[in-house]
């Protein structure tokens, strides 16, 4: 605390501003007000032919929880391309297995088989999230051994910190769900923004599939989905909604809740990066498994008085930043991953 108070005095110096905070980790990425996730289940064809191109068009990622036995080569090709663009592929079991009908060993084998299939079909990718079939939770201790988060469908919007990372709530969309119109999507968006929480939409079939006589579960109109994405796009300037994958939001929330910051001013160890410059050094940690928890957190730091030309580094790598005025003060805003090396804010003047 003493280090932070000392830094605060220096940062404010002779500046005439009223700081909101001296240093802050955002509740959500980019200081957005809330988080929104679209999660597709069951591997229906129209998810890839109609929904996926729409998410590319709007430049929003989404999550696909796949039944691995229901994916043909065309679907695997589409999933491989999507993960390269930041989308998520999680498990929805091998063939829609309902875990409370299986023994412990049968659940374990299904988890191993589904994960292996995904990891083989999508090289350099690691499946570590699960969506329960029929919203039925499996053996929690077993699930925890293979996944860091799992999705259910309890029908409520999660707060900023999920109640249970192994049964994170979502809203069912489409004809069998609570969200089947643009007005219902919009109402869910606005409620999420008001509460500052996380809303997950579970989507199954789109446009009744290719054969209306044998359409899949709870079909959602693609036009309603498009209208909802357009609404989110129209709201971007208001910094209201962070649209992200299930795994990224779950990681962010847990890292944010576990983060710790050490702040040191004029640190001499920074000379290796930029000699003879005034430096603020930050250490950002979360105490979590770094192999899994690798999602950048958004940080905001009060810009020292008189600083105009700055760079931000993490482990000797330049990271992007912006300077934003708030209440007469200027803040440096940037993203950094916990436990990935010290962060240096350097005055280049």
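The Cα center of segment 25-49 and the Cα center of segment 283-329 differ in position by 24 Å.
If a spin label sat at a point 7 angstrom from the Cα of residue 106 along the line to its beta carbon, the backbone N atoms of segment 118-153 nearer than 14 Å would be those of 138-139.
Relative to the longest principal axis of the chain, what angle (0 to 90°, nearest 10) does the C-alpha long axis of helix 2-12 take? Long axis of 2-12 versus the principal axis of the chain: about 70 degrees. Axis angle, to the nearest 10 degrees, between helix 182-195 and the longest C-alpha principal axis of the chain: 40 degrees. The C-alpha atoms of segment 33-238 occupy a region whose extents along the principal axes are 47, 37, 35 Å, arranged from largest to smallest. With a Förster radius of 51 Å applied to the C-beta separation of residue 81 and residue 327, the computed FRET efficiency comes to 0.70. Full extension of the chain between residue 116 and residue 223 yields a length gain of 35.0 nm, computed as 0.36 nm times the residue separation minus the alpha carbon distance. The ranking of 99, 252 from fewest to most other beta carbons within 10 Å of each one's beta carbon is 99, 252.
Helix-only arithmetic for the chain: the sum of -39500 (n - 2.57) across DSSP H runs with n ≥ 4, divided by the residue total, places the mean residue ellipticity at 222 nm at -8500 deg cm²/dmol. Counting 0.36 nm for each residue step from residue 72 to residue 238 and taking away their Cα separation leaves a gain of 55.7 nm.
Peptide packing: for 47-59, 127-139, the average count of neighbouring Cβ atoms within 10 Å per residue gives the ranking 127-139, 47-59, highest mean first. Which length gain, in nm to one decimal place, applies between residue 186 and residue 340 when the Cα-Cα distance is subtracted from 0.36 nm times their residue separation? 51.7 nm is the gain from fully extending residue 186 to residue 340. With a simple spin-label model that places each label point 7 Å from the Cα along the Cα-to-Cβ direction, the separation between residue 156 and residue 45 comes to 4.0 nm.
Computed from the coordinates by the stated procedures, all read-outs in this text should not be read as laboratory data. Because the structure is predicted, anything quoted here is derived from the model rather than measured. With ideal geometry, Cβ positions are generated from the backbone for all residues, glycine too; neighbour counts draw on all protein chains shown.
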